Amino acid sequence: MSRIPRSRALCVCSALIFMAGAGWAQSKVAVISLQRAVIESEEIQKASAAMEAKYKSRQQELEKAQKDLQGIQQQLQAGQGKLTSQAEADLTSQGQRKQRDIQRMSEDLQADVDRERNDVLGTSTRKMAEVVKKLAEEKGYDIVVDTTNTIYFKPALDITAEALTAYNKAYPAPK
């Protein structure tokens, strides 16, 4: 009697596996490079240009500070043996202060840029996911997989360009 339930369970499992395989064969699959679609969107291109303009003055200020530090270092090298110990100590102290200022300015700038970029990319990625979901529903795709998670796919399955076009239409870049 214990053989009958086991063989029934085996038959049921086999049938489920077979049906799952048959169901998978009928699934419509698409792939997308979500990162490429987001980065190439008009909205991100516009935001990138705006961020570059926004932080340009701080980047120039940082570059000027680096040139000032190089000038101090060159003065120290050129004056080696010629400067008084006090003058050398003053230049060394200026160089150290300038180095700390540069480090702080660089870290602050990078943190601000990273924070803003992550906010913009996060928002755009969420919006792109909505567009991809809508596109998948319209086209009847059962599953859409990011290309970063695939080893191989036929180029005909790639909907990146379609998603990008739909995104740019749904979320036009501010003028």
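Is there a residue being closer than 30 Å to Ser27 by Cβ, touching a helix residue (DSSP H, G or I) at 6+ places or on another chain (Cβ under 6 Å) and modelled with pLDDT of 95 or more anywhere in region 85-99? Checked against the condition, which is being closer than 30 Å to Ser27 by Cβ, touching a helix residue (DSSP H, G or I) at 6+ places or on another chain (Cβ under 6 Å) and modelled with pLDDT of 95 or more, region 85-99 yields no hits at all.
Among the residues that make up region 37-59, is at least one of them surrounded by 14 or more Cβ atoms within 10 Å (Cβ to Cβ) and in contact with a Gly (Cβ under 7 Å, 6 or more places away or on another chain)? Scanning region 37-59 turns up no residue that is surrounded by 14 or more Cβ atoms within 10 Å (Cβ to Cβ) and in contact with a Gly (Cβ under 7 Å, 6 or more places away or on another chain). Mind listing just one residue for me: the one in region 127-175 that is hydroxyl-bearing (Ser, Thr, Tyr), in contact (Cβ under 8 Å) with a residue 60 or more places away in the chain and in a loop (DSSP other than H, G, I, E, B) and, of those, surrounded by the most Cβ atoms within 10 Å (Cβ to Cβ)? It comes out as Tyr141. Entry remark, region 79-116: residues being touching a residue at least 24 places away in the same chain (Cβ under 8 Å) and either over 24 Å from the mean Cα position of the chain (by Cα) or not in a helix (DSSP H, G or I) (or both) number 5 in total.
Condition first: modelled with pLDDT under 95, within 30 Å of Thr150 (Cβ to Cβ) and either exposed (fewer than 13 other Cβ atoms within 10 Å of the Cβ) or aromatic (Phe, Trp, Tyr) (or both). Can you find one or more residues in region 27-36 that meet it? Yes, region 27-36 contains a residue that is modelled with pLDDT under 95, within 30 Å of Thr150 (Cβ to Cβ) and either exposed (fewer than 13 other Cβ atoms within 10 Å of the Cβ) or aromatic (Phe, Trp, Tyr) (or both).
The values are calculated or read from the model by the stated rules, or taken from the named source; none is laboratory data. Note that this is a predicted model, so its numbers are computed, not measured. Glycine also receives a Cβ, built like all others from the backbone with ideal geometry; neighbour counts cover every protein chain displayed.
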